[in-house]
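Q: Encoded as structure tokens, here's the structure I'll be asking about.
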Amino acid sequence: MSRPSPCTDICQFDRKTDVCVGCFRTTEEIRSWRKYTEHKRRSILSDVPRRRAKIQARRGQGA
């Protein structure tokens, strides 16, 4: 079964990293999500905690 999109309908992008602060994917990853293999999708999702921490630290919200 195909992994559904992790979109949270919070489409706001961190300008420095080009990462959505809702789902923590880049614009290219969002555009290409349906084309990606399950392996690629899992790889992207496994990077979400690191991306979230990086953006939150940059915005002064802590990890």
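Q: Using beta carbons and a limit of 9 Å, which pairs, at least six apart or on different chains, have the first residue in the stretch 42-55 and in contact (Cβ under 8 Å) with a residue 12 or more places away in the chain and among the β-branched types (Val, Ile, Thr) and the second one surrounded by 14 or more Cβ atoms within 10 Å (Cβ to Cβ) and in a helix (DSSP H, G or I)?
A: Matching pairs, first to second residue: ILE44/GLU29; ILE44/TRP33.
Okay, residues lined up against (1) on the phi > 0 side of the Ramachandran plot; (2) modelled with pLDDT under 95; (3) touching a Gly at 6+ places or on another chain (Cβ under 9 Å):
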residue: ARG3; (1), (2), (3): no, yes, no
residue: ASP14; (1), (2), (3): no, yes, no
residue: THR26; (1), (2), (3): no, no, no
residue: ARG31; (1), (2), (3): no, no, no
residue: THR37; (1), (2), (3): no, no, no
residue: ARG42; (1), (2), (3): no, no, no
residue: PRO49; (1), (2), (3): no, no, no
residue: GLN56; (1), (2), (3): no, yes, yes
residue: GLY62; (1), (2), (3): yes, yes, no
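The values are calculated or read from the model by the stated rules, or taken from the named source; none is laboratory data. Computed from a predicted model, the values in this text were never measured in an experiment. We place every Cβ from the backbone using ideal geometry, glycine too, and count neighbours over all the protein chains shown.
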